[in-house]
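S.K.: Handing you a structure now.
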Amino acid sequence: MDEVYLEAVGLSGPGLAGWEVSQPVLRGEQSWQDQVLPRYKPALLAANERRRATASVRMAFGACEDAVGDRLEEARELASVFVSSGGDYNTHDQICRGLLTEPVMLSPTQFHNSVHNAPAGYWSIATGSSAPSVSLSAFDYGISAGLMEALPLVALEQQSALLVFFDVAPCAPMNQVRAVTRSFATALWLTPARSANSLASLRLGLRGEAQYPETPASAASLETLRLANPAARILPLLERLALGQGATLVFATSAGQSLLLQLDCL
């Protein structure tokens, strides 16, 4: 597959409140602090939509708005691929609890927030975008699923895209069966052609004959975060990017294969 280019990065996670401020941590110059993120207020959402936005939507927006910055006109033209491990666990929990009440206590807002493409819908409303959008769920394999969806889209369709990985820690009792213990999101702005803003080039390869170990984070503390959230498994890419170091990164797939991502920093 032809290479695609990374135009911008957005980041939102504990102790990683934005791409620019997080780079010293990602380079190992500062120690990572497990700081709880404040409730994010999406700047691009109107007041009514902002009130209805769930923690998952806010988490995704934190990364998206960080990546896009003030380039809103360009953002309207971006296709999007939104990836989470299983959707909005906490809204699903609210609906299940509501079904057990007498009378049943459900709201239309809960329903439209429960669908898997809700964050993508909020994003298209916020940006006024009518570009194609895909929402994926791949349990612990979201990084490889998202990369395999977004990079061919960009390369073959010559369509710039925003690739967004996000997951919010579920509440009890769901956290007993879904071990996502930290909330995390990142957004990658991908383009088919190199520009003056390009940070790196990316190219995919697939190895089906054997499954190689996934690339870990370099810092032990960030490796703990990487394993705490499926979306955070993108951290090895972010570390190398912050350091300006090329690498071949390995991500597991649900089919037992290994996805190889060649990163070349520019």
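S.K.: Just from its helices, what would the mean residue ellipticity at 222 nm be for the chain, if runs of 4 or more DSSP H residues each count -39500 (n - 2.57) and the sum is divided by every residue, rounded to the nearest 500 deg cm²/dmol?
M.R.: Mean residue ellipticity, 222 nm, calculated: -10000 deg cm²/dmol.
S.K.: So for each of 87-93, 236-242 I average, over its residues, the number of other beta carbons within 10 Å; can you give me the resulting order with the highest mean first?
M.R.: Result, highest mean Cβ count within 10 Å first: 236-242, 87-93.
S.K.: Nearest 5 is fine: what % of DSSP beta bridges in the chain come out antiparallel, could you say?
M.R.: In the chain, approximately 75 percent of DSSP beta bridges are antiparallel ones.
S.K.: Sticking with this structure for a sec: What does the accessible area per residue of the chain come to in Å², with a 1.4 Å probe and no ligands, DNA or RNA counted?
M.R.: That works out to 45 Å² per residue.
S.K.: For GLN30 and VAL115 in one chain, what is 0.36 nm times their gap in residues minus the Cα-Cα distance, to one decimal in nm?
M.R.: Separation in residues times 0.36 nm, less the Cα-Cα distance, equals 26.7 nm.
S.K.: Calculate log10 I(q)/I(0) of the range 1-155 for q = 0.14, 0.21 Å⁻¹, where I(q) comes from the Debye formula with a single equal point scatterer on each Cα and nothing for solvent.
M.R.: -0.80, -1.51
S.K.: Mind checking the dipole of the chain: about its Cα centre, +1 per Lys or Arg Cβ, -1 per Asp or Glu Cβ, Debye to the nearest 20?
M.R.: Charge dipole, the chain, about its Cα centre: 540 debye, nearest 20.
S.K.: Let me know the Rg and Dmax you get for the range 90-235 when you use only its Cα atoms, in Å.
M.R.: Rg and Dmax of the range 90-235, Cα atoms, are 18.2, 60 Å.
S.K.: A follow-up question, please. Counting only C-alpha contacts under 8 Å and six or more residues apart, can you give the relative contact order of the range 156-202 as a whole percent?
M.R.: Once normalised by length, the contact order is 45 percent.
S.K.: Let me ask another. Given a Förster radius of 30 Å and the C-beta distance between VAL104 and GLU3 as r, what FRET efficiency does 1/(1 + (r/R0)^6) yield to the nearest 0.05?
M.R.: Efficiency, rounded to the nearest 0.05: 0.05.
S.K.: Taking 0.36 nm per residue of sequence separation and subtracting the Cα-Cα distance, how much length would be gained by fully extending the chain between SER195 and LYS41, in nm to one decimal?
M.R.: 52.4 nm
S.K.: Another question, if that's okay. Taking the Cβ-Cβ separation of ARG71 and LEU266 as r and a Förster radius of 22 Å, what is the calculated FRET efficiency to the nearest 0.05?
M.R.: Result of the calculation: an efficiency of 0.75.
S.K.: Let me ask something else about it. Identify which of SER144, SER218, SER135 has the largest mean-square fluctuation in a Gaussian network model of the chain, with springs joining Cα atoms closer than 10 Å.
M.R.: Residue with maximal mean-square fluctuation among SER144, SER218, SER135: SER218.
The values are calculated or read from the model by the stated rules, or taken from the named source; none is laboratory data. The shown structure was predicted, so the numbers you read here are calculated from the model rather than taken from an experiment. Please note: Cβ atoms are built from the backbone with ideal geometry, for glycine as well, and neighbour counts cover all protein chains shown. Side chains are part of the model used for accessible areas, which takes the heavy atoms of the whole protein and leaves out ligands, DNA and RNA. Shrake-Rupley method; radii C 1.70, N 1.55, O 1.52, S 1.80 Å.
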